[in-house]
Amino acid sequence: MEKGTSPRPRSRNMRLTPGEYSRMVGRASPKSPLRRDVVWAFLVGGSICLLGEWLRQAFLAAGHTLGDAAALTSITLIGLSALCTALGWYQKLAAKAGAGTLVPITGFANAVVSQAIEFKVEGLVTGVGAKMFVIAGPVIVYGTMASWVWGLLYAALRAWG
Amino acid sequence: MDYVWAFLVGGAICAAGQVLMDLTGLTPARILTGYVVAGVVLSALGWYAPLAQLAGAGASVPLLGFGHLLAQGARNAVDRMGWLGAFTGGLSAAAGGICASLVFGVLAALAARSRDQN
Amino acid sequence: MRKKDSIVFHRPPSVLAWAAVGGKKEAEGPLGNLLDAATADNTLGETSWETAESDLQRRAVQLVLQKAATGLAGVDLIFAGDLQAQCTASAYTMRALDVPFAGLYGACSTMAESLGMAACFCAAGLAGKAMALTSSHFCTAERQFRTPLNYGGKRTPTAQWTATAAGCCLLGAAGNGPRVNAVTFGRVRDYQVSDINNMGAAMAPAAAQTLLNHMQAVGTTPAQYDSIYTGDLGQVGSALLCEILEREGMPLPNHRDCGLMLYDRQNQQVKAGGSGCGCSAAVLCAHILPGLAAGREKRVLFAATGALMSQTLFLQGESIPGIAHCVELASPESS
């Protein structure tokens, strides 16, 4: 028998198509446990808001105006979030609470403070200063943009009605 | 009662965000941006103020409330100075929160360090 | 000898020495006591995570040189790479080691790629001794690819945990260690997976393609191997790999994934499993090579997989291309 008479198996591309694969991926990938996630988000998010309300009532009782009390509440929550972020506690809570820690203003503060801490090693100006708003930036940009649109609309409505 | 509403409404808003995160392909960044813009819209329509009355911090602490704050700021500024207020109102109202985050960010960067999650 | 995409060695080079270094979670995992060295503090005393990763690499190299009883002067070339942008973990390690350095980027497939390259150079007489080195670090990967370490985010069930580990191998043209019989460098395969939290799914098709190419070229079937190891497909990617190959007519009875071996998924919070260049590197050097040397396994495939995207391309809407490189290893006594 001559060497090499039987045809060598040729490597071939797989028959699998991206469409088929996409369906396979959908079936193979475990979904997030919705009920557990939602319960955690509800409880933790509600608790943070509860803490906020307690603070607000306390500031009102101390004689501040509604507007000042609201601002003081935000600032206090942000400060607490910054502290918890620095200590590593916020990350541990958020790993379970998901939207419960992301949606409140404490999430915004965590995004800013964690970026600042992380990039200190790259300098106060080019690290902390430049990268602080990488995560939270879109919220400020598009929130402000939306308020600008509303402001112009409102000005127009005022002028014509 | 205030406290109950704050807890329930705040919790519900966060729960809704979690549903979006789990069921849609939307990333957290997009959901937060959507929330703040939705807050501006709801405020503009006049639907958020009653909720804020009812739920207090339950409405103001979530990011929807941040949008409401921006929208109210724009509106108040326009009342005071006309269309120019559209440029100044939003950020002015949010200044407290943004400044606090920024200041605490710098202070935390000076005092704290990045922590391994392992 | 070249057979299609595969290189089959007439005189298989030998893995002379190897070392696996791990971090905190790796030391607490199932292979913890098999690591050559481990640290409970992933900073390794450094001020930045990036420098800490270079330290991990340096430790692995030092351990290998000790085990091989050779100095750096005996090493002709190092192939090394990692996940940091511009492969700086490797570059800065090599700043302290005076050896010719060929940097590689294969994402998480780097261990197989570097091992394959080192084997080729030794077999062809282009290097008397060549080293293969790679690492990954949870913190450098997290801050570069995802979010700051103090950031509060929730991981999805398909997400994987980047290993803090380094693996290093020293190869020579001949020796008493496990043999490298053949190498297949992979082709990039992109099946339009664009979920960056599901890397296993992104890489599985590339792994399947490379394994098919390798076995068809070399003329073997899966059953002829004691184990077929993949790098870090994780739970989801492994299931997909087995399903793909089943459909392609080459079912795998003996598949094991390094990402599922490095950690105890039940007790360590790693979601779908381990990932990172260091994952497959650590398992190779702590489990696979020792097993071959001791004769517990005679013939295995080591196919590490990589996801070749960047944050930039991902944000531009591109899907995630995968690649897999396959190295066929055999125990010293086998032919």
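Observations
- Residue ID - farthest from C:D36 (Cα to Cα), chosen from residues in the range C:77-95 that are surrounded by fewer than 17 Cβ atoms within 10 Å (Cβ to Cβ) and either without any contact (Cβ under 8 Å) to a residue 24 or more places away in the chain or in contact with a Lys or Arg (Cβ under 9 Å, 6 or more places away or on another chain) (or both): C:Q86
- Any chance A:L152 is in a helix (DSSP H, G or I), among the aliphatic types (A, V, I, L, M), more than 7 Å from every other protein chain (Cβ to nearest Cβ) and surrounded by 15 or more Cβ atoms within 10 Å (Cβ to Cβ): no
- Filtered residues of the range B:80-92 (kept if within 8 Å of chain A (Cβ to nearest Cβ) and more than 16 Å from the chain's Cα centre (by Cα)): B:G82, B:W83, B:G85, B:A86, B:F87
- Every condition in (1) surrounded by 17 or more Cβ atoms within 10 Å (Cβ to Cβ); (2) under 30 Å from C:E53 (Cα atoms); (3) within 8 Å of chain A (Cβ to nearest Cβ) is met by B:L107 except one, and the failing one is (1).
Condition check ((1) touching a Ser or Thr at 6+ places or on another chain (Cβ under 8 Å); (2) within 24 Å of C:A118 (Cα to Cα)) across all residues:
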residue: C:R187; (1), (2): yes, yes
residue: C:D195; (1), (2): yes, no
residue: C:G200; (1), (2): yes, no
residue: C:L212; (1), (2): yes, yes
residue: C:A217; (1), (2): yes, yes
residue: C:T221; (1), (2): no, no
residue: C:D232; (1), (2): yes, yes
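- Residue match in the range C:44-57 (condition: part of a helix (DSSP H, G or I), closer than 21 Å to A:F119 by Cα, β-branched (V, I, T) and over 18 Å from the mean Cα position of the chain (by Cα)): yes
- The set of residues from the range C:3-29 being more than 10 Å from every other protein chain (Cβ to nearest Cβ) and part of a loop (DSSP other than H, G, I, E, B) comprises C:F9, C:H10, C:R11, C:P12, C:P13, C:G29.
- Scanning the range A:85-115 for residues being buried (at least 24 other Cβ atoms within 10 Å of the Cβ), at the interface with chain C (Cβ under 8 Å from one of its Cβ atoms) and not in a helix (DSSP H, G or I) gives a total of 1.
- Sub-8 Å Cβ pairs linking a first residue in the range A:25-50 that is at the interface with chain B (Cβ under 7 Å from one of its Cβ atoms) and under 26 Å from C:G234 (Cβ atoms) to a second residue that is among the hydroxyl-bearing types (S, T, Y) and surrounded by 13 or more Cβ atoms within 10 Å (Cβ to Cβ), at least 6 apart or interchain, are A:S32/C:T156, ordered by first then second residue.
- Tallying residues that are under 22 Å from A:P18 (Cβ atoms), surrounded by fewer than 24 Cβ atoms within 10 Å (Cβ to Cβ), under 20 Å from the mean Cα position of the chain (by Cα) and not aliphatic (A, V, I, L, M) within the range C:236-261 yields 1.
- Looking only at the range A:130-140, and only at residues there that are facing chain B (nearest Cβ under 8 Å) and in a helix (DSSP H, G or I), the one that is surrounded by the most Cβ atoms within 10 Å (Cβ to Cβ): A:V139
- Condition met for C:S238 (in a helix (DSSP H, G or I), out of contact with any Cys (no Cβ under 9 Å at 6 or more places or on another chain) and within 27 Å of B:Q117 (Cβ to Cβ)): yes
- Sole exception among (1) under 25 Å from B:L64 (Cβ atoms); (2) crowded, with 24+ Cβ neighbours inside 10 Å; (3) not basic (K, R) for A:E118, by number: (1)
- Taking the range B:20-72 and the helices (runs of 4 or more DSSP H) fully enclosed by it, the elements with 3 or more residues that are facing chain A (nearest Cβ under 7 Å) and modelled with pLDDT of 95 or more are at B:28-44, B:57-60.
- Segments classed as strands (runs of 3 or more DSSP E), wholly inside the range C:96-179, with at least 3 members that are touching a residue at least 40 places away in the same chain (Cβ under 8 Å) and closer than 25 Å to C:A38 by Cα: C:129-136, C:165-172
- Set side by side, the residues C:Q216, C:Q269, C:Q224 differ, and just one is over 19 Å from the mean Cα position of the chain (by Cα) and either in the same structural domain as C:L31 (by TED's automatic domain parsing) or crowded, with 17+ Cβ neighbours inside 10 Å (or both), which is C:Q216.
- Within the range C:310-329, the residues that satisfy the criterion of being crowded, with 17+ Cβ neighbours inside 10 Å and either within 17 Å of the chain's Cα centre (by Cα) or charged (D, E, K, R) (or both) are C:G322, C:I323, C:A324, C:H325, C:C326, C:V327, C:E328, C:L329.
- Unmet requirement for C:A204, which otherwise passes all of (1) on the phi > 0 side of the Ramachandran plot; (2) part of a helix (DSSP H, G or I): (1)
- Whichever residue in the range C:30-43 is more than 10 Å from chain B (Cβ to nearest Cβ) and outside any helix (DSSP H, G or I) and, among such residues, is farthest from the chain's Cα centre (by Cα): C:T39
- The range C:282-335: number of residues that are touching a Ser or Thr at 6+ places or on another chain (Cβ under 7 Å), charged (D, E, K, R) and either part of a strand (DSSP E or B) or in the same structural domain as C:A19 (by TED's automatic domain parsing) (or both): 1
- Restricting the range C:137-171 to residues that are among the aromatic types (F, W, Y) and at the interface with another protein chain (Cβ under 7 Å from one of its Cβ atoms) leaves a set whose member that is farthest from C:F101 (Cα to Cα) is C:Y151.
The values are calculated or read from the model by the stated rules, or taken from the named source; none is laboratory data. Since the structure is predicted, the reported quantities are computational estimates derived from the model, not experimental observations. Note that we place each Cβ from the backbone using ideal geometry, even for glycine, and neighbour counts take in every protein chain shown.
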